[in-house]
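Before any comments, here is the structure.
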Amino acid sequence: DAICNFVICNDSSLRSQPIIFNPDFFVEKLRHEKPEVFTELVVSNITRLIDLPGAELAQLMGEEDPKLPGANSTASGFFRSLMSLKRKEKGVVFGSPLTEEGIAQVSQLIEYLHKNLRAEGLFRVPGNSIRQQILKDALNSGTDIDLDSGEFHSNDVATLLKMFLGELPEPLLTHKHFHAHLKIADLTLFDEKGNKTSTPDKERQIEALQLLFLILPAPNRSLLKLLLDLLYQTAKKQDKNKMSAHNLALMFAPHILWPRNVTANDLQENITKLNNGVTFMIKHSQKLFKAPAYIRECARLHYLGSRAHTSKDDLDLLTSPSSKELQPLKSQKRSRLDTCHQEETQQRTEEALKELFRHVHNMPDSAKKKKLIRQFNKHPTALTPGSDVPTSPAPRRTRSRSFSGLIKRKVLGTPVILERKSRDATPEPERVSKENVHLLQKCGSPAHMSQAKLKSLEGHKEESCRRMRTHLLSKDSSSL
């Protein structure tokens, strides 16, 4: 139930609302169902970014008790003894380990402070101790509190929130993560020669914090998100409340990051790193609770049964120009599926082209039809009428495009055909003469014909006349 809830809504007025999709759904699913696989995946990427020796890595994994500053110190100052005594007085909310019930009670304080961020010196100016005790008892007893009634001041609520965090058995970021946060603060950029510089590497720091927050206990992560968002909104109104991100970090670093029962002297070497680290968290809080892209992809592919990319380097290789050479060969099953898909797509394309060509061919004659047919002819790979498309042959057009074309075809084309026929069989005189006469009648004036063709036609005419005279003379002599 912590992953996702599906609700069937029958209210038609709400159906038009946008559907919110959680991009970290598979990440949360993997964390909930296979915590060991999830932790190993995240920690392996943390060690890729920061150098954790064996002991510190074992502490991060919970395999060893964390070794914290001041743990071996024999000094027992008044501050350390006082804080220990305060944490022994456990209540339902204050002084108890963090639970969902405690977060629900404290979230009332956070919600109220979101409405009152303009108070000057918020979280720095202490509130009234009597009102704070009344409010604390009410939260411990679980009674409903009306913070908007005006009975409590915003400074009362802000001071009580810090008190709640200070009385937790361990800091909000847990003792196990203490050394990892010190290493994150040391992440800096490299120059062109590969040497470290003093400029912080913000991108790597954000990525490391994203990974580290993923393996926090669920209650700690939920409250940390609420708290950092509140501090981020407070810093945005620093022109009114005079509380910058750094000022807020000085107020909250001892409660969310410093180990318990330690003093500033125990952290004198690292106190600046810790305070700057909390300042960085406040400024970039809107990015820190999103899983890195490669973790999302790995969690998604884990449930889809494909090869998972377990780090950012793997994801970068896929997007590089040489990624085709570095990717492993696909399985035979995948290739067969791709081949079948391509064949099916090609078959559908051919059927669509056939249908389109039938439609174009059945269109009445027009300039648009000619243009479409020319486009089909430009692509020989596309389907043409062929034998698959039963179409009637287009009627031949007897009219020429121009008058000069008609003359050329009649003058230059027909005599050539007649000459070829005459080579195979000698025509009869009457037929030859009739064809020549018919040709002359159709062609019109000899002025339109070439000199060679005119001579040829005159020669045919004289020959036919000579044969006709010879035939008539022989007929008259026989009759005599």
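The values are calculated or read from the model by the stated rules, or taken from the named source; none is laboratory data. Every value quoted in this text rests on a predicted model; they were computed, and no experiment measured them. Every residue, glycine as well, gets a Cβ built from its backbone with ideal geometry; the counts of neighbours run over all protein chains shown. When the accessible area is computed, the model is the full protein with side chains, heavy atoms only, and any ligands, DNA or RNA have been set aside. Shrake-Rupley method; radii C 1.70, N 1.55, O 1.52, S 1.80 Å.
Okay, here's what the table says:
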read-out	value
Residue among Lys273, Lys193 that is out of contact with any Phe, Trp or Tyr (no Cβ under 9 Å at 6 or more places or on another chain), at pLDDT below 95 and within 26 Å of Lys67 (Cβ to Cβ)	Lys273
Filter pass, Asn10 being at pLDDT 65 or above and of a type in the set (S, T, N, Q)	no
Which numbered condition Asp146 misses (of (1) of a type in the set (Asp, Glu); (2) without any contact (Cβ under 8 Å) to a residue 40 or more places away in the chain; (3) under 18 Å from Leu231 (Cα atoms); (4) open to solvent by 20 Å² or more (accessible area, probe 1.4 Å))	(3)
Cβ pairs under 8 Å, 6+ apart, first in region 179-194 and in contact (Cβ under 8 Å) with a residue 12 or more places away in the chain and of a type in the set (Gly, Ala, Ser), second part of a loop (DSSP other than H, G, I, E, B) and buried (at least 19 other Cβ atoms within 10 Å of the Cβ)	Ala180/Ile50
Any chance Asp144 is more than 19 Å from Met243 (Cβ to Cβ), of a type in the set (Asp, Glu) and either within 40 Å of the chain's Cα centre (by Cα) or modelled with pLDDT under 90 (or both)	yes
Residue match in region 261-270 (condition: open to solvent by 40 Å² or more (accessible area, probe 1.4 Å) and within 39 Å of the chain's Cα centre (by Cα))	no
Any hit, region 47-56, residues being surrounded by 17 or more Cβ atoms within 10 Å (Cβ to Cβ), at pLDDT 85 or above and over 42 Å from the mean Cα position of the chain (by Cα)	no
Residue pairs meeting the criteria (Cβ under 7 Å; at least 6 apart or on separate chains; first surrounded by fewer than 13 Cβ atoms within 10 Å (Cβ to Cβ), in region 95-108; second not small (Gly, Ala, Ser))	Pro97/Pro169; Thr99/Pro219; Glu100/Pro219
Close pairs (8 angstrom Cβ cut-off, 6 or more residues apart or separate chains): more than 16 Å from Leu122 (Cβ to Cβ) in region 151-171, basic (Lys, Arg) and open to solvent by 10 Å² or more (accessible area, probe 1.4 Å) anywhere	Glu151/Arg131; Glu167/Lys86; Glu167/Arg87; Pro169/Arg87; Pro169/Arg260; Glu170/Arg260; Pro171/Arg260
Subset of region 58-107 that is part of a loop (DSSP other than H, G, I, E, B), farther than 28 Å from Ile271 by Cα and not hydrophobic (A, V, I, L, M, F, W, C) - its residue that is modelled with the highest pLDDT	Thr99
All positions within region 149-163 that are surrounded by 15 or more Cβ atoms within 10 Å (Cβ to Cβ) and either of a type outside the set (A, V, I, L, M) or in contact with a Pro (Cβ under 8 Å, 6 or more places away or on another chain) (or both)	Phe152, His153, Ser154, Asn155, Asp156, Thr159, Lys162
